[in-house]
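The values are calculated or read from the model by the stated rules, or taken from the named source; none is laboratory data. Model, not experiment: these values are computed from the prediction. All Cβ positions, glycine included, derive from the backbone under ideal geometry; neighbour counts span all protein chains shown. Side chains included, ligands, DNA and RNA excluded: accessible areas come from the protein's heavy atoms. Shrake-Rupley method; radii C 1.70, N 1.55, O 1.52, S 1.80 Å.
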Amino acid sequence: CCTMFRTPMYSWWFAIPAVNKSLLRGLGIAILIFAFTQTQTVQKVLSWKPLLVLGDCSFETYAIHWPLMLSLEAYLFIVFRANMSYNSSALLSFVITFIVIYIASFLMHGLIKKYNTLTKKLSLRKEK
């Protein structure tokens, strides 16, 4: 008799439109992230020098990861695949590409920072 109202189709969650569900999930995730990052242990880990450097280089990593993954990783996979198994060659090509991406983004970040400093110095000289 009343079993159809116990099925998930009739729960309160299905009464909320899909957009609101996404907003509620996003809000819930934001609350969890906020609560998680307020702990002392997480703050110590996130303030670790290598992680701060990676955070500073995040735009450069974003800018160069896709071309390097499409070119370098594919090339390395083809080279390694001749002598290794599929999984081993995929893992090794990914790890090498990952290392190259972060080295390149670190170097690129240094160049951009140096260029910005030089540009600011030159603009200050023009104003005088």
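Data table
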read-out: Hits in region 69-82 (condition: over 24 Å from the mean Cα position of the chain (by Cα) and open to solvent by less than 50 Å² (accessible area, probe 1.4 Å)); value: Phe80
read-out: All positions within region 35-85 that are of a type in the set (S, T, N, Q) and either over 23 Å from Ile96 (Cβ atoms) or not in a helix (DSSP H, G or I) (or both); value: Thr37, Gln38, Thr39, Gln40, Thr41, Gln43, Ser47, Asn83, Ser85
read-out: Considering residues of region 83-105 that are buried (at least 17 other Cβ atoms within 10 Å of the Cβ) and of a type in the set (S, T, N, Q) only, the residue modelled with the lowest pLDDT; value: Ser105
